[in-house]
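Novice: Before I ask anything, here is the structure I am working with.
Since every read-out is calculated from the coordinates, none of them should be taken as a lab result. Values in this document were obtained by computation on a predicted structure and should not be read as measured data. Note: ideal-geometry Cβ built from the backbone for every residue, glycine included; neighbour counts use all protein chains shown.
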Amino acid sequence: MKVILRLPERKEVEVRGDRPLKEVLLELGLNPETVVAVRGEELLTLDQVVGEGETLEVLSAISGG
């Protein structure tokens, strides 16, 4: 799958295999609690399985108050 990282610089990486999003994020060295992932217009949860042929975007989760 293609993973587009916007953290804040844009970077594209390829990841192989079908597995939960959390495993993909950990493989990329990202803390799953600090990012959000989107497939198309769908916000993904950490337990959703993602796989070959998909494109994901990973963005920094920003909170404010």
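Novice: Name every residue in the range 47-65 that is farther than 20 Å from GLU12 by Cα and surrounded by 12 or more Cβ atoms within 10 Å (Cβ to Cβ), in order of residue number.
Specialist: Correct list: GLN48 only.
Novice: Could you pull out the residue among LEU7, LEU26, LEU30 that is free of Cβ contacts under 8 Å to residues at least 24 places away in the same chain and either over 14 Å from THR55 (Cα atoms) or hydroxyl-bearing (Ser, Thr, Tyr) (or both)?
Specialist: LEU26
Novice: In the range 13-38, which residue that is more than 11 Å from the chain's Cα centre (by Cα) and over 24 Å from SER63 (Cα atoms) is surrounded by the fewest Cβ atoms within 10 Å (Cβ to Cβ)?
Specialist: GLU14
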